[in-house]
Amino acid sequence: MIQKKKNITIVNIVGARPNFIKICPIINQMNKIKRIKNILIHTGQHYDYEMSALFFNELGIKEPEIYLGIGAGSQAEQTAKIMIALEKELMKIKPDLVCVVGDVNSTMAAALVAAKLCIPLAHVEAGLRSRDLTMPEEINRIVTDRLSDLLLTTSDDALDNLLAEGVDRKKIYFTGNVMIDTLMLLKKKSAALKAYKKYSLKKNDYVLVTLHRPSNVESKKNLSAIINELVTISKRTPIIFPIHPRTEKRLKDFGLMKLLQKGNIILTPPIGYIENLSLLLYSKFVITDSGGIQEETTVLHIPCLTLRENTERPVTAEIGTNTVIGLDMKKLRKNVGLILGGKYKKGKIPKYWDGKASERITGIIKKLFLK
Ligand code: UD1
């Protein structure tokens, strides 16, 4: 299906916060190659300033050539709306390759459209599996990988997963982690910001918390248990908690705001990439349910306690600084104790999480698509 040409057009598709971080270094590399024209389409899955435009500004991503303005909706609604709008655009552009990143609804919707139009599809961050089909992202990963012609992986476990699912070995390339490319690009600037000062926190003496997964925030029981524990932890080490819009809605619906205010917990609206990285860099440890933060903390050697039953990024727990806690609050307390007592593991950095993943990706695209 791949045809070598003198000049090619690639459409990169993004929709949600983690996509913006991953596409940034890929576009930077594509811009260096004159014979590749790259077009950026933003589905509008994330649309608030703090969730979208702020990231584009900070990461220096160009204005998308096309904005689909899809917005919020149920899983099916969001996916369907993206597919309908995107099909029209791709039929007009007729690109030589569609490139999608990560595992959000926009990723899978774009993969379905590209595959049905018989446009070659590249998936960056292919092969990750949590084996938990109650996560919408797991479904998005499986579908996207099944339809991809080029599967670009971040770790050995991803290769094993894809081979076990019968993916042709020739389609798989180990290119490393593009999220770390962006981290390396903006680490100096983020360090200089010293964002902890803005919140009157002390260097290396606070916890950064992020929470947004439906399994944690859509259940009153689970969310109450987590908030209760955070209040206790914050009495020893202060917490800073930038709140995702979904989480804020649920905290209010479940009447948990008052409980939260009992702790030494600073609440902020969602924050940008640089401020978040700055807070990460100087934190004592992190409590999260995010995928990307598990990787970022591993590279920065910062302890990460993950409030999920599983991870699609096992390398962060096996060799990095991550521990999968689930909703086991005893386990959370024990690990917080280890960290504060200086006895927590230090972790190592996985191969190819070195800031050069996007260079490898464009190198492969050049070789396969350009004459
Ligand atoms: C999405 C991704 C998840 C990723 C996360 C990062 C899927 C299935 N999930 O989850 O993998 O880790 O983004 O943030 O694609 N909302 C706003 N403003 C916005 C965006 C969303 O208020 O700018 C609200 C929506 O109205 C909705 C909720 O937040 O009620 C959830 O948004 P949605 O895009 O469905 O999924 P996320 O939870 O953000």
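The values are calculated or read from the model by the stated rules, or taken from the named source; none is laboratory data. Everything numeric in this text was worked out from a predicted model, so none of it was measured. Glycine gets a Cβ as well: all are built from the backbone with ideal geometry, and neighbour counts include every protein chain shown. Ligands, DNA and RNA are excluded from the accessible area calculation, which covers all protein heavy atoms including side chains. Shrake-Rupley method; radii C 1.70, N 1.55, O 1.52, S 1.80 Å.
According to the square roots a ≥ b ≥ c of the eigenvalues of the Cα gyration tensor, what is the shape class of the stretch 233-279, taking rounded for a/c under 1.5, prolate for a/b larger than b/c otherwise, and oblate for the remainder? It comes out oblate by the Cα gyration axes.
Listed values for the stretch 92-102 are Karplus-derived 3J(HN,Hα) couplings in whole Hz (6.51 cos²θ - 1.76 cosθ + 1.60, θ = phi - 60°), namely 6, 6, 6, x, 7, 7, 10, 10, 10, 10, x, and x replaces Gly and Pro.
Dividing the helix sum by the residues of the chain, where each DSSP H run of 4 or more adds -39500 (n - 2.57), gives a mean residue ellipticity at 222 nm of -14000 deg cm²/dmol. For the stretch 262-271, putting each phi into the Karplus relation 6.51 cos²θ - 1.76 cosθ + 1.60 with θ = phi - 60° gives couplings of 6, x, 8, 10, 8, 9, 9, x, x, 10 Hz, in residue order, rounded to whole numbers and with x for Gly and Pro.
Of the residues Ile226, Ala195, Ile172, the one whose Cα sits farthest towards the positive end of the charge dipole of the chain is Ala195 (charges of +1 on Lys and Arg Cβ, -1 on Asp and Glu Cβ, taken about the Cα centre).
The HN-Hα couplings worked out from phi for the stretch 248-261 by the Karplus form 6.51 cos²θ - 1.76 cosθ + 1.60 (θ = phi - 60°) are 4, 4, 5, 4, 6, 4, 8, x, 9, 4, 4, 4, 4, 6 Hz, whole numbers, x standing for Gly and Pro.
Legend: calculated FRET efficiency, Ser200 to Lys331, from the Cβ-Cβ distance at R0 = 45 Å, rounded to 0.05, equals 0.90.
Each residue was assigned an accessible area with a 1.4 Å probe, and for Lys249 the value is about 120 Å². The lysines within cross-link reach of Lys221, meaning a Cα-to-Cα straight distance under 26 Å and a gap of 8 or more places when in the same chain, are Lys235, Lys249, Lys252, Lys258, Lys262, Lys330, Lys331, Lys334. For the stretch 188-340, the Cβ-based charge dipole about the Cα centre amounts to some 620 debye (Lys, Arg positive; Asp, Glu negative; other atoms uncharged). Residue ranking by accessible heavy-atom surface, 1.4 Å probe, largest first, among Glu248, Glu89 comes out as Glu248, Glu89. Between Val104 and any residue 5 or more places off or on another chain, the built amide H atoms are never under 5 Å apart. Based on protein heavy atoms only, the chain ends up with 43 Å² per residue of surface accessible to a 1.4 Å probe. Averaging Cα coordinates gives a centre for the stretch 257-330 and one for the stretch 152-182; these two points are 24 Å apart.
Could you calculate the contour length gain from Lys348 to Lys249, that is, 0.36 nm times the residue separation minus the distance between their Cα atoms, to one decimal place in nm?
Details: separation 99, 0.36 × 99 = 35.64 nm, distance 3.72 nm.
Computed gain between Lys348 and Lys249 is 31.9 nm.
Against the empirical 2.2 N^0.38 Å (N residues), the chain has a Cα radius of gyration ratio of 0.97. Per-atom-type breakdown for the chain gives carbon and sulfur 54% of the accessible area (1.4 Å probe, protein chains only). The stretch between Thr268 and Lys5 holds 89.8 nm of extra length on full extension. This uses 0.36 nm per residue minus the Cα-Cα distance. For the residues Met1, Met83, a 1.4 Å probe over the protein chains yields an accessible-area ranking, largest first, of Met1, Met83. Around the amide H of Ile39, modelled in the peptide plane, lie the amide H atoms of Ile10, Val11, Asn12, all under 5 Å away and 5 or more residues distant in sequence or on another chain.
To the nearest 0.05, how large is the calculated FRET efficiency for Asp132 and Lys371 if R₀ is 35 Å and r is the Cβ-Cβ distance? Step by step, r from the Cβ atoms, then E = 0.20. Taken along the Cα-to-beta-carbon direction at a fixed 7 Å, the label points for Lys189 and Ala72 span 3.0 nm. Taking all C-alpha pairs of the stretch 83-222, those more than 18 Å from each other amount to 66 percent.
Sorting the segments 336-348, 31-43 by their mean number of nearby beta carbons within 10 angstrom, highest to lowest, gives 31-43, 336-348. Note on the stretch 1-153: Kirkwood hydrodynamic radius from all Cα pairs is 15.4 Å, rounded to one decimal. Pairs over the 23 Å Cα-Cα cut-off, from the set Lys5/Lys32; Lys4/Lys116; Lys22/Lys188; Lys4/Lys351; Lys32/Lys62: Lys4/Lys351.
Amide H contacts of Arg308: Ile325, Gly326, each under 5 Å away and 5 or more positions distant or on a separate chain (H built 1.01 Å from N in the peptide plane; Pro and chain starts excluded). Note on the stretch 188-340: the C-alpha convex hull projects to 8.2 nm² when averaged across all orientations.
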